[in-house]
Amino acid sequence: MESLRAGRSRRPLLAAVGVVAVAAILLAYGAMSGWFAGSGTQGATVILVGAGATFPYPLINKWSLEYHDLTGVQVNYQSIGSGGGIAQITGKTVDFGASDAPLTSAEREAAPNLLHIPETIGAVVFVYNLPGVPTGLNLTGPTIADIFLGKITKWSDPNITADNPGTSLPDENIFVVHRSDGSGTTFVWTDYLTKVSSDWASTLGTGKSVNWPVGLGAKGNEGVAGVVAGNRYAAGYVELAYATLQKMTFARIKNHAGNFLLPTLDSTAAAAGNAAPTLPRGEDDWSHVSIVNAPGADSYPVASFSYLLVYRELNVYGSSMTQTKARALVDFLWWVVHDGQAYASDLLYVPLPPAVVELNERSLGLITFGGIPVRA
């Protein structure tokens, strides 16, 4: 199945199911802070390889293009899902991983040297294909849970119509679409459903993959978006950037305060605002970190950090990692959490709050090669 290929000037985005051409967003260059000059990697012919979450792929792809233009360093990122990214970084087959789900205790034990580096903040949305029904269908968390549990099967179900007076909903079956791969987006989605539905919590719970009782599986955010866009009466969940790029309709979801909200940069940032000062250190346990169903009248309820995963000691790779490559990797990550944040908003991701940038600065300062700090 094709991976999403978001890029510059009118580069087409190919959906995995069917071929859905979407014009790419034209992005202006962000101002560079000047920290990079003299870092020792400019112009170097270095190739960095990463793999993982599809959730942040449009942004990581943009970073890769801009950073190559700036430095000559090539960053190849494989958009294979958070589960695959964790497996590859644990197996030391990539230089960095990416996941929307923090590492579990078992995953940390398998790779105890990994650091969490929050890279961005995004929203997961309930997308639907209902002819004549625009963006803004009101849905509660329990209603969404019952749709994915197979308890609500019709668009005309009273639980849906009660929250949408005046909206004509068809008496048609809901075609449920979910992820087929190990997915951080699924982790965020099921984390939310676990917090708002006791039925969901007692049966499926939270995970990068679950035993879906209904629906069709598709690979990646791009796969789910393609199936929903190509089938009437379908519904699924994807990261906001994918929904927007494909011009899909998506729901207002009732938040913790009882307000139906659309995902926006402001409502997603509001969900993350209270969490930023309380985040753990990069080397500590992040398994408890969640910003779904966050308090606040203006907080969108299905928001999440997305993380880059990198080894604290880079000589774990043996001969495949050199001092030059180690410096290039850390310089790239430093650029991502600083100047790279200038590209987030145009792709509908939330730039990192200052407190998270400071946390990342400390974490990147811990990275060593042969026991010597890389950014000494």
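Where a number appears in this text, it was derived from the coordinates with a stated rule and is not lab data. Since the model is a prediction, treat every value here as computed from it, not as a measurement. A quick note on method: Cβ atoms are made from the backbone with ideal geometry, for glycine too, and the neighbour counts reach across all protein chains shown.
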Averaged over every viewing direction, what's the projected area of the C-alpha convex hull for region 124-272? Give it in nm², one decimal, please. 8.0
Take the alpha carbon atoms of region 303-354, find their center, do the same for region 131-169, and report the distance between the two centers in whole angstrom. 40
Computed over the Cα atoms, what is the radius of gyration of region 213-293 divided by 2.2 N^0.38 Å, N being its residue count? 1.35
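Provide the FRET efficiency to the nearest 0.05 for the Tyr233-Asn259 pair, computing r from the beta carbons and using R0 = 30 Å.
Values: r = 27 Å, r/R0 = 0.91.
The computed FRET efficiency comes out at 0.65.
For the chain, go through all pairs of different Cα atoms, get the mean of 1/r, take its inverse, and jot down that Kirkwood value in Å. Walk me through the numbers before you get to the answer.
Details: mean 1/r = 0.0478 Å⁻¹.
About 20.9 Å for the chain.
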Spin-label model distance (nm) - Lys195 vs Thr45, 7 Å beyond Cα toward Cβ: 4.9
Asp346 to Thr161: extension gain in nm, 0.36 nm per residue of separation minus the Cα-Cα distance? 63.2 nm
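So what's the projected area for region 185-238, the Cα convex hull averaged over all directions, in nm²?
Numbers: hull surface 15.0 nm².
So the mean shadow area of the Cα hull is 3.7 nm².
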May I ask which of Lys208/Lys247; Lys92/Lys247; Lys62/Lys195; Lys151/Lys195; Lys219/Lys325 have a Cα-Cα span longer than 28 Å here? Lys92/Lys247; Lys62/Lys195; Lys219/Lys325
With the 8 Å Cα cutoff and a minimum separation of six or more residues, the chain has a relative contact order in percent of 23
